[in-house]
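Below: one structure, written as structure tokens.
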Amino acid sequence: MHASQPLRVPVGTDAGRWSTFHGEKTLVVAARTVTSTVRVLECLPALIRGDGRVTVVFAHDPTSAFNDGVLDLLHDAGCRVIPWEQVGHAEPDLILTASENTDVPDGLCPVLVLPHGIGFQKQVPDSRASGDRLSGVVPDSLLESGRAWLAISHPGQAEQLLSSHPKTAGRTLLVGDPCYDELLGSADRAASYRRALGVPDRHRLVVLSSTWGPTSLIGQDPGLAARVLAALPYDEFRVAAIVHPNVWSGHGSWQIRNLLAPALDAGLMLVPHIHAWRSALVAADVVVGDHGSVTLYGAALGKPVLLGAYGSEAVPGTAVAALGRAAPRLDVHGDVREQIVSALATQRPERFATVTEGAFDRPGRALPRLRTALYDLLGLAEPVPAPPQERFLAEPEETGTRVTSWRVTTTAAPHTVTVRRQPAAVSRQGEDGPGEDAAAGRFRHLACDEREPDRRVMESASVLLRGAPAPSAPEGLRWTDDTLDRLPGCRLAATALAGGGFLVGLRDGRVVEAAMTGTVTDPGLPAAAVYALLRAAAPLDGATVALRAGVRDEDVVLRLRTSSSPDSAPR
């Protein structure tokens, strides 16, 4: 809609003729970037819930370099949106925004600016000049007008602003951090969120957190995700990535996914950047991050934190600067697995307590304090007596793609087989570890799911795995026969059976029946045990071995299937 078009409900001097709701006050939300718009959408409903006195209008300011996606976000949320040039016609009583760089129109109404991160901790490019500016601070002209109010999460931020921007004196409102309160309130749901993300039981979730810009984690080292996945055993870890909305807006999802393609093929969970990052962060067992707010939130939640990048634009004297001093750095050229395991083993929940104390004031009270400030600026009595709702974060959705090929290292010892799997898409990007050693019983093979999209990988695999359990033993036998006939380079073909157990067909015509303790449905594990024993020339019929694969320690019972066995199929 352009300025020349008719003004629609609830905007304009004639809006009263058409409106269904007649509020006493009009609140205009300035939506300029995805990051800032999301922050308002996450807290505003709880602040004015059920209050018909307040009419809310969302105004789109398209002037940011990171405005792409704002309109989609607003429309998906069901917001009434007007162009920015029509804000004056809305006759707002208060403008609410989490973007300090909005060009506020002339008028008398106050402007409440929420932070879209934690405090004022980063120097960013100034869209009005050639240099940089302090993120979160509105232009001096708006401060001089007496209309601007900056919400802060800690008293120290007022002191910081007074030192760097004297005109902020008396223009700050101490409210705390609603986002941090939401994270804290949902912290005990971490296990539930991990399950929702598809993280198997007893696996650890590593979350990579990246802000935007060239010194960010993803900007400095786009290949880090792939190397982390290569270093971590598939049967012990899962990896997710939280990427700042400005990266999505500035470069688009195609570019991000193209850069991360090897990691995505290896099972990287690329967390949606609108709301889902919060529950994914709560689910994390360890955070590998940078100088962005998400990393600091992770530290405040008591997570182990390793800094994979740290930009010079971080502002000294802030909470993120304190985190930069307190958190260990990830040596990306060292043993990544050992560093992550060590961080998990040595983390104490209070390790970053001093950092947290310098970032958040009175945790758990941000929404009530913010609501009081909002209604004071609107000139309305605050609703009583119910406090704002404190809702749990929504469960995240699975986002990772299925891994379909693995580099497998097996070590066969008397009565024991140890299995270490790495996604084949990234295995050459990390430390492959020691090579084969027949004398030590150590062997390697490529295992591949039948749904593997890369033809060359499938044709190179020594072990082929059926993607879904076979409905019956005869069907399973037919599948193993067909697979071995179709792929002459394959030595084993394995399938789970819908009724329980596994079948492993060998190139020489034998078929091994395998039974495992526990709730294992992955044919890759019994197939790895059979492969290890076959290479070690160990007996297969009547063998019982302890299989150790990451967090699993299961018994595997093997026997050769004979043609006279029940339900056997001709081979």
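Could you go through the range 223-246 and let me know if any residue there is over 14 Å from the mean Cα position of the chain (by Cα), more than 28 Å from Arg407 (Cα to Cα) and surrounded by fewer than 22 Cβ atoms within 10 Å (Cβ to Cβ).
So far as the range 223-246 goes, yes, one or more of its residues are over 14 Å from the mean Cα position of the chain (by Cα), more than 28 Å from Arg407 (Cα to Cα) and surrounded by fewer than 22 Cβ atoms within 10 Å (Cβ to Cβ).
Give the range 400-410 a look and list any residue that's at pLDDT 95 or above and either over 30 Å from Arg257 (Cα atoms) or part of a loop (DSSP other than H, G, I, E, B) (or both), or say none. If the condition is that a residue be at pLDDT 95 or above and either over 30 Å from Arg257 (Cα atoms) or part of a loop (DSSP other than H, G, I, E, B) (or both), then Val403, Thr404, Thr410 are the ones that fit. Within the range 338-350, restricting attention to residues that are among the aliphatic types (A, V, I, L, M) and touching a residue at least 24 places away in the same chain (Cβ under 8 Å), the residue that is most open to solvent (accessible area, probe 1.4 Å) is Leu344.
Total residues in the range 384-399 satisfying the condition of being modelled with pLDDT under 85 and of a type in the set (Val, Ile, Thr): the figure is 1.
When the range 102-133 is filtered for residues that are open to solvent by 10 Å² or more (accessible area, probe 1.4 Å), under 17 Å from Ala151 (Cα atoms) and polar (S, T, N, Q), only Gln121 remains. Residue by residue through the range 186-222, note down the ones that are closer than 17 Å to Pro396 by Cβ, open to solvent by less than 40 Å² (accessible area, probe 1.4 Å) and outside any strand (DSSP E or B). Residues satisfying the conditions are Ser186, Ala190, Ser192, Tyr193, Ala196, Leu197, Gly198, Val199, His203.
For the range 134-168, the set of residues classified as open to solvent by 20 Å² or more (accessible area, probe 1.4 Å), touching a helix residue (DSSP H, G or I) at 6+ places or on another chain (Cβ under 9 Å) and in a loop (DSSP other than H, G, I, E, B) consists of His154, His165, listed by residue number.
For first residues located in the range 86-108 and hydrophobic (A, V, I, L, M, F, W, C), partners that are modelled with pLDDT under 85 and lie 6+ apart or on another chain with Cβ distances below 6 Å form the pairs Ala90/Val11.
Looking at Ala366, Ala381, just one residue is of a type in the set (A, V, I, L, M, F, W, C), surrounded by fewer than 14 Cβ atoms within 10 Å (Cβ to Cβ) and either within 27 Å of Ser427 (Cα to Cα) or at pLDDT 90 or above (or both), and that residue is Ala381.
Scanning the range 105-163 for residues that are closer than 20 Å to Thr63 by Cβ and of a type in the set (Ser, Thr, Tyr), we see that the one that is farthest from the chain's Cα centre (by Cα) is Ser145.
Is it the case that some residue within the range 486-508 is free of Cβ contacts under 8 Å to residues at least 12 places away in the same chain, more than 25 Å from Gln422 (Cα to Cα), of a type in the set (D, E, K, R) and assigned to a helix (DSSP H, G or I)? So far as the range 486-508 goes, yes, one or more of its residues are free of Cβ contacts under 8 Å to residues at least 12 places away in the same chain, more than 25 Å from Gln422 (Cα to Cα), of a type in the set (D, E, K, R) and assigned to a helix (DSSP H, G or I). Look at Asp482 and say whether it is of a type in the set (Asp, Glu) and surrounded by fewer than 13 Cβ atoms within 10 Å (Cβ to Cβ). So Asp482 fits the description; yes.
In this structure, does Gly364 turn out to be assigned to a loop (DSSP other than H, G, I, E, B) and closer than 25 Å to Arg552 by Cβ? When the stated conditions are applied, Gly364 does not pass them.
Every residue, every condition in (1) closer than 30 Å to Asp188 by Cβ; (2) buried (at least 16 other Cβ atoms within 10 Å of the Cβ); (3) touching a helix residue (DSSP H, G or I) at 6+ places or on another chain (Cβ under 7 Å), yes or no:
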residue: Ile256; (1), (2), (3): no, yes, yes
residue: Val271; (1), (2), (3): yes, yes, yes
residue: Ile274; (1), (2), (3): yes, yes, yes
residue: Val294; (1), (2), (3): yes, yes, yes
residue: Gly302; (1), (2), (3): yes, yes, no
residue: Gly311; (1), (2), (3): no, yes, no
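So Ala468 clears everything in (1) assigned to a loop (DSSP other than H, G, I, E, B); (2) over 14 Å from Asp522 (Cα atoms) except one condition, right? Which one? Condition not satisfied by Ala468: (2). Does Ala129 satisfy the criteria of being over 19 Å from Val40 (Cβ atoms) and free of Cβ contacts under 8 Å to residues at least 60 places away in the same chain? Taking the combined requirement at face value, the residue satisfies it. Where strands (runs of 3 or more DSSP E) fall entirely within the range 85-125, those with at least 2 residues that are touching an Asp or Glu at 6+ places or on another chain (Cβ under 9 Å) are at 123-125. Among the candidates Leu281, Leu374, the residue that is on the phi < 0 side of the Ramachandran plot, over 23 Å from the mean Cα position of the chain (by Cα) and modelled with pLDDT of 95 or more is uniquely Leu374.
Let's see how each residue does on (1) of a type in the set (Gly, Ala, Ser); (2) touching a strand residue (DSSP E or B) at 6+ places or on another chain (Cβ under 6 Å):
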residue	(1), (2)
Gly176	yes, no
Ala187	yes, no
Tyr193	no, no
Val206	no, yes
Asp265	no, no
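If you go through the range 351-363 and keep only what is buried (at least 18 other Cβ atoms within 10 Å of the Cβ) and of a type in the set (D, E, K, R), you end up with just Asp361. Kindly establish whether Thr20 is open to solvent by 30 Å² or more (accessible area, probe 1.4 Å), out of contact with any Lys or Arg (no Cβ under 7 Å at 6 or more places or on another chain) and not acidic (Asp, Glu). Yes, satisfied. Here Arg202, Arg171, Arg189 are screened, and the one residue that is touching a residue at least 40 places away in the same chain (Cβ under 8 Å), of a type in the set (Lys, Arg) and either touching a helix residue (DSSP H, G or I) at 6+ places or on another chain (Cβ under 7 Å) or within 26 Å of Asp290 (Cβ to Cβ) (or both) is Arg189. Only one of the numbered conditions (1) out of contact with any strand residue (DSSP E or B) (no Cβ under 9 Å at 6 or more places or on another chain); (2) assigned to a helix (DSSP H, G or I) is not met by Asp481, and that is (1).
The values are calculated or read from the model by the stated rules, or taken from the named source; none is laboratory data. Just so we're clear, the structure is a prediction, and the values are computed from it rather than from any experiment. So basically every Cβ, Gly included, is an ideal-geometry build from the backbone, and we count neighbours across all protein chains shown. Surface areas here come from the heavy atoms of the whole protein model, side chains and all, with no ligands, DNA or RNA. Shrake-Rupley method; radii C 1.70, N 1.55, O 1.52, S 1.80 Å.
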